[in-house]
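Okay, so here's the structure we're looking at.
The values are calculated or read from the model by the stated rules, or taken from the named source; none is laboratory data. In this text the structure is predicted, and so the values were computed from the model without any measurement. For neighbour counting, all protein chains shown are included, and Cβ atoms are generated from backbone atoms with ideal geometry for every residue, glycine included. Ligands, DNA and RNA are stripped out before the accessible areas are found, and what is left, the full protein with its side chains, is counted by its heavy atoms. Shrake-Rupley method; radii C 1.70, N 1.55, O 1.52, S 1.80 Å.
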Amino acid sequence: MSQQNNIRAGIALMIAATVVFALQDGISRHLAATYNTYMVVMIRYWFFAAFVIALAARAPEGLKAAAQTSQLGLQVFRGALLAVEVCVAVFAFTVLGLIDSMAVFICYPLLVAALSGPVLGEKVGWRRWLAIGVGCVGVLIILQPGVGVFNPWAIVPLISAFLFALYGLLTRYAARKDSAATSFFWTGIAGAVAMTLVGMWFWEPMARADWAWMLLLCVGGVSGHWLLIKCYELAEASAVQPFAYFHLVWTAIIGISIFGEALRPEVILGAALVVAAGLFTLWRERRQG
């Protein structure tokens with residue numbers, strides 16, 4: 001397969017992954033509105049852990065090689081951090097809705113760029129700082145802190161974006177010594193252990209129909225990660241990453257059509273600024289890389 005065909009296939013897989021993740025967001029909002037968020041995320045992580053174990057066991061090097069790391073503390077912290085981020089994101093869906101939450105959350109690439117200096121020691125030029133500033137303006141337009149009574153819940157997806165950005169930076173830091181397979185393995189295992197220690201105290205009976213939704217959520221999580229793995233196997237991340245913003249489009253469709261959410265003009269304007277700034281940042285990273 002040619003490089004051009006690889007990129008096209010990678011883009012198709014990325015778009016498919018965004019569809020799956022948007023459906024996950026909708027199901028998570030439905031379940032977390034009825035059941036405790038910790039329990040929902042815990043069950044989701046059980047399936048995720050089973051997936052990474054099965055994936056590592058099938059690899060040529062085996063399970064032992066995937067688990068081997070010289071920076072266990074960092075890997076465990078990464079996994080637990082992502083689990084916390086998922087909890088915060090799902091909670092944001094229930095208190096703020098899918099559209100507003102995702103519109104704020106998509107600023108995480110800009111936070112990665114801003115934090116790459118102090119965390120990884122990377123140089124951030126004035127052009128990327130300008131893009132980060134434009135993205136911040138977009139987030140402020142969405143949050144509208146100076147208009148009427150400010151909704152304090154609007155900070156929740158911003159916290160989620162910060163946690164996800166920090167997780168991404170720590171993943172890049174861990175990649176200096178560990179393989180992607182090792183980091184992926186510990187993301188699932190550490191997250192499952194952390195969520196079990198918390199979620200077991202919040203267990204509650206679930207209706208039979210909602211168990212079907214829970215199963216679909218777990219299968220969707222595994223499918224989404226599988227699509228991303230295949231996507232990055234075929235094409236460079238810099239070529240396909242801009243298409244990750246389709247996640248916002250599908251989430252908006254689900255929020256409007258299923259949950260009756262409204263797409264406010266300021267959300268459209270703010271999200272457009274955030275996406276534009278994020279695309280510029282990705283373009284600069286690709287050009288310098």
Hey, if you put +1 on the Cβ of every Lys and Arg and -1 on every Asp and Glu Cβ in the chain, which of TRP46, VAL267, LEU170 ends up farthest toward the positive end of that dipole?
-> LEU170
Would you check the accessible area of ILE254, probe 1.4 Å, heavy atoms only, in square angstrom rounded to 10?
-> 20
Classified through the alpha carbon gyration tensor (a ≥ b ≥ c as square roots of its eigenvalues; rounded if a/c is under 1.5, else prolate when a/b is larger than b/c, else oblate), the stretch 20-142 comes out oblate
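Rounding to the nearest 20 debye, state how big the charge dipole of the stretch 130-277 is about its Cα centre with +1 on each Lys and Arg Cβ and -1 on each Asp and Glu Cβ.
Values: 6 positive and 7 negative charges, 49 e Å.
Here the size comes out at about 240 debye.
At 0.36 nm per residue, minus the direct Cα-Cα distance, what do ARG127 and ALA50 gain on full extension? Give it in nm, one decimal, please.
Working: separation 77, 0.36 × 77 = 27.72 nm, distance 4.27 nm.
Result for the pair: 23.4 nm of gain on full extension.
Please get the size of the charge dipole for the stretch 1-78, origin at its Cα centre, with Cβ charges of +1 on Lys and Arg and -1 on Asp and Glu, quoted in debye to the nearest 20.
Details: 6 positive and 2 negative charges, 5 e Å.
For this selection, approximately 20 debye.
Would you work out if the stretch 118-259 is rounded, prolate or oblate? Take a ≥ b ≥ c from the square roots of the eigenvalues of the alpha-carbon gyration tensor; rounded if a/c is under 1.5, else prolate when a/b is larger than b/c, oblate otherwise. Mind showing how you got there, number by number?
Working: a/c = 1.57, a/b = 1.11, b/c = 1.41.
Oblate is the answer for the stretch 118-259, as a/c is 1.5 or above yet b/c matches or exceeds a/b.
Shape of the stretch 1-74 from its Cα gyration tensor (a ≥ b ≥ c, root eigenvalues): rounded if a/c is under 1.5, otherwise prolate when a/b > b/c, or oblate? Before the final figure, lay out the partial values.
Values: a/c = 2.72, a/b = 1.12, b/c = 2.43.
Cα axes put the stretch 1-74 in the oblate bin.
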Charge sum, other residues only, whose C-beta stays under 14 Å from ALA50's C-beta, Lys/Arg counted +1 and Asp/Glu -1 | +2
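If I require 18 Å or longer along the helix axis, counting alpha carbons, and a Kyte-Doolittle average no lower than 0.0, what helices from the chain are left? Use full DSSP H segments.
Values: long enough: 3-32 (42 Å, 0.59); 37-58 (32 Å, 1.52); 72-96 (35 Å, 1.97); 126-143 (25 Å, 1.66); 155-174 (28 Å, 1.63); 180-199 (27 Å, 1.41); 208-234 (39 Å, 0.80); 265-288 (35 Å, 0.60).
Going by DSSP H runs, the hits are 3-32, 37-58, 72-96, 126-143, 155-174, 180-199, 208-234, 265-288.
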Among residues other than LEU13 whose Cβ falls under 11 Å from its Cβ, what is the net charge (Lys/Arg +1, Asp/Glu -1)?
-> +1
To the nearest 10 square angstrom, how much accessible area does CYS107 have with a 1.4 angstrom probe?
-> 10
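In debye, nearest 20: dipole of the chain around its Cα centre with unit charges on the Cβ of K, R (+) and D, E (-)? Intermediate values should be presented prior to the final figure.
Working: 18 positive and 13 negative charges, 141 e Å.
The dipole magnitude comes to about 680 debye.
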Heavy-atom accessible area per residue, the stretch 51-194, 1.4 Å probe: how many Å²?
-> 46
ALA209 to LEU263: extension gain in nm, 0.36 nm per residue of separation minus the Cα-Cα distance?
-> 16.5 nm
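Throw me the Rg/Rh for the chain, computed over C-alpha atoms with Kirkwood Rh, two decimals.
0.95
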Rank GLY121, VAL156, PHE93 by how far each Cα sits towards the positive end of the charge dipole of the stretch 75-225 (+1 on Lys, Arg Cβ; -1 on Asp, Glu Cβ) and give me just the farthest.
-> GLY121
